[in-house]
Amino acid sequence: MSVRVRFAPSPTGKLHVGSARTALFNWLFARHHRGAFVLRIEDTDQKRSNPAFLQDIYASLAFLGIVAEEGPIFQSKRLALYQEHARRLLQAGAAAEHEGAVVFSVSPQAVTFTDLLHGDITVDTTLFESLVLMKSDGTPTYNFACVVDDALMQISHVIRGDDHIANTPKQVLLYRALGFALPVFAHIPLIVGVDRARLSKRFGATSVDEYRQVGYLPDAFVNYLVLLGWSPGGNRELIAGQELIDAFDLSKVRKTAAQFDQRKLDWLNGQYLKRTPLPRLAELLAERLKAKGWLAADHDLDWLARVAALLQDRLRVLEDIEDQHAFFFREPPDYEEEAVAKYLRGDGVAERLLELRERLSRMSSFDAPAIEAAARALVAERQLASKDLIHPARVAVTGREVSPPLFETMAVLGKAKVLSRLEHAATALSRKP
Ligand code: GLU
């Protein structure tokens, strides 16, 4: 039997992290078995559906590297099909019309289905009321459209969030009434937040797009999502691409809810950032900086690669470059008020900075070892503690108390900027307000 799975989002909100993981498990399962992944858009509720959310779903799937073999297929374009199958059930006497709606009659019974992860699940149908198939406005309910589509699209495995477990017995009854063969069901556990409740806005970002925007790398984000409920075995944590496809085993997905752990995600992203080749990292940073207007269209990618080399081990997400390292791109940099007060307003600071400036201005090659030698010589000759020069110089050049290694940072910034910032700090900033 060839594997055919589907991902069936409703375009009623941005693609949620939980849905993204459902999409990912479906896609990995399909790729692993060289099957097909079908994208079905469940948009029969036209009032709640929104084209902007549809675009978000496409963009988020693309970010995750998920490419559908078939689709998008829109339920809103298949109304005639649902009506036809509803008629079939009416004619067979399995359904009846009530005030314009088509309602399926459920006789009291125990329905059992087998779930790949949870085993046999038996539900007493007296627990649910009658099943509406078609609403009076001519649109199908979720359960009915889902069964008609999964059957007609020859879906072999229905892999979805376990919030749908309660729907499955209803769908099983509909499969039987329509004379369709059952697919294999696999209900995967939800992702929960730190409070063990369903991942919600209260604890930070919930949509894939938000994670994309702050600069998580696709491989890192995908890696993190698959680790929520599955692991490649051993102590291995980093896995991506074809290796991930080869190793992925749906039957080994854990049954219990997975807790979203922001720190783990950040750690993984850091690992992937460290492994990103510098020219590529420079490109990724350039995209963001250009969008911010901080980089000219004809910027120097080699120079940006030098910045990237300094930051590679320090970035948690790409956005950190804008938040913490803007001084590479802004002239003058933003000065942290606290750092200025603490390090630039001391007695003799201005003189020291101007003397450092003077010595640096005489250097012909402006590399980190030479800058360091000049600074150390000044410290020794003036009998200073190094921190009395280094801390003010750092604040003068970066605007911040914490930065990448100072001498390398100066070398990358270049002589002209370093001299002008030292001067600015010594003259404009070191005065007490
Ligand atoms: N549109 C449904 C959802 O987004 C699909 C559920 C299913 O996969 O059957 O939850």
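The values are calculated or read from the model by the stated rules, or taken from the named source; none is laboratory data. The structure displayed is predicted, hence computed values, not measured ones. Here the Cβ positions follow ideal geometry from the backbone for every residue, glycine too, while neighbour counts run over all protein chains shown. Just so you know, the surface numbers come from the protein's heavy atoms only, side chains and all, with ligands and any DNA or RNA stripped out. Shrake-Rupley method; radii C 1.70, N 1.55, O 1.52, S 1.80 Å.
So that you can scan it fast, the table gives a plain yes or no per residue for (1) closer than 28 Å to Glu70 by Cβ; (2) open to solvent by 20 Å² or more (accessible area, probe 1.4 Å); (3) more than 16 Å from the ligand (Cβ to nearest atom):
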{"site": "Val106", "(1), (2), (3)": "no, yes, yes"}
{"site": "Phe113", "(1), (2), (3)": "yes, no, no"}
{"site": "Leu116", "(1), (2), (3)": "yes, yes, no"}
{"site": "Ile121", "(1), (2), (3)": "no, yes, no"}
{"site": "Pro140", "(1), (2), (3)": "yes, no, no"}
{"site": "Phe144", "(1), (2), (3)": "yes, no, no"}
{"site": "Asp149", "(1), (2), (3)": "yes, no, no"}
{"site": "Val158", "(1), (2), (3)": "yes, no, no"}
*Answer yes if at least one residue in the range 70-92 is touching a strand residue (DSSP E or B) at 6+ places or on another chain (Cβ under 8 Å), open to solvent by less than 60 Å² (accessible area, probe 1.4 Å) and more than 25 Å from Val5 (Cα to Cα), and no otherwise.*
yes
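Identify the residue in the range 162-181 that is within 14 Å of the ligand (Cβ to nearest atom) and open to solvent by 10 Å² or more (accessible area, probe 1.4 Å) and, among all such residues, is farthest from Leu117 (Cα to Cα). Spell out the reasoning first.
Residues of the range 162-181 that are within 14 Å of the ligand (Cβ to nearest atom), as a first pass: 162-172, 174-175.
The next check asks that each one be open to solvent by 10 Å² or more (accessible area, probe 1.4 Å); those that pass are 162-167, 170.
On the way: Asp162: 10, Asp163: 14, His164: 14, Ile165: 12, Ala166: 15, Asn167: 16, Lys170: 19 Å.
Looking at the filtered set, the residue picked out is Lys170.
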*Tally of residues being more than 12 Å from the ligand (Cβ to nearest atom), within 18 Å of Cys146 (Cβ to Cβ) and touching a residue at least 40 places away in the same chain (Cβ under 8 Å) across the range 1-45*: 1
*Pro232 is checked against (1) at pLDDT below 95; (2) under 17 Å from the mean Cα position of the chain (by Cα); (3) crowded, with 17+ Cβ neighbours inside 10 Å and fails just one. What number does that condition carry?*
(2)
_Tell me whether the range 385-394 contains one or more residues that are in contact with a Ser or Thr (Cβ under 7 Å, 6 or more places away or on another chain) and either open to solvent by 70 Å² or more (accessible area, probe 1.4 Å) or modelled with pLDDT of 95 or more (or both)._
yes
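Would you tally the residues in the range 289-300 being part of a helix (DSSP H, G or I), surrounded by fewer than 16 Cβ atoms within 10 Å (Cβ to Cβ) and of a type outside the set (Lys, Arg)?
1
Considering only the range 272-287, I want to know if a residue exists there that is part of a helix (DSSP H, G or I), in contact with a Phe, Trp or Tyr (Cβ under 8 Å, 6 or more places away or on another chain) and surrounded by fewer than 20 Cβ atoms within 10 Å (Cβ to Cβ). Don't jump to the end; show me each part of the working.
Here is the first cut: in the range 272-287, the residues part of a helix (DSSP H, G or I) are 272-275, 278-287.
Filter again for in contact with a Phe, Trp or Tyr (Cβ under 8 Å, 6 or more places away or on another chain), leaving none.
Among the residues of the range 272-287, not one is part of a helix (DSSP H, G or I), in contact with a Phe, Trp or Tyr (Cβ under 8 Å, 6 or more places away or on another chain) and surrounded by fewer than 20 Cβ atoms within 10 Å (Cβ to Cβ), which makes the answer no.
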*Would you point out which residue out of Ala62, Ala36 is hydrophobic (A, V, I, L, M, F, W, C), modelled with pLDDT of 95 or more, under 28 Å from Ile245 (Cβ atoms) and surrounded by fewer than 18 Cβ atoms within 10 Å (Cβ to Cβ)?*
Ala62
*Among the residues of the range 321-335, is there at least one that is farther than 15 Å from Leu429 by Cα, among the charged types (D, E, K, R), surrounded by 16 or more Cβ atoms within 10 Å (Cβ to Cβ) and touching a Lys or Arg at 6+ places or on another chain (Cβ under 7 Å)?*
yes
*Restricted to the range 39-59, and to residues that are hydrophobic (A, V, I, L, M, F, W, C) and surrounded by 14 or more Cβ atoms within 10 Å (Cβ to Cβ), which residue is farthest from Asp137 (Cα to Cα)?*
Ala59
_Anything in the range 105-141 that is in a loop (DSSP other than H, G, I, E, B), in contact (Cβ under 8 Å) with a residue 24 or more places away in the chain and within 15 Å of Leu174 (Cβ to Cβ)? List them, or say none._
Ser105, Val106, Phe128, Ser130
_Arg400 vs. criteria part of a loop (DSSP other than H, G, I, E, B), over 19 Å from Ala309 (Cα atoms) and in contact with an Asp or Glu (Cβ under 7 Å, 6 or more places away or on another chain)_ = yes
*Kindly indicate the residue of the range 123-138 that is over 28 Å from Ala80 (Cβ atoms) and β-branched (Val, Ile, Thr) and also farthest from the ligand (Cβ to nearest atom) among those meeting that condition.*
Thr126
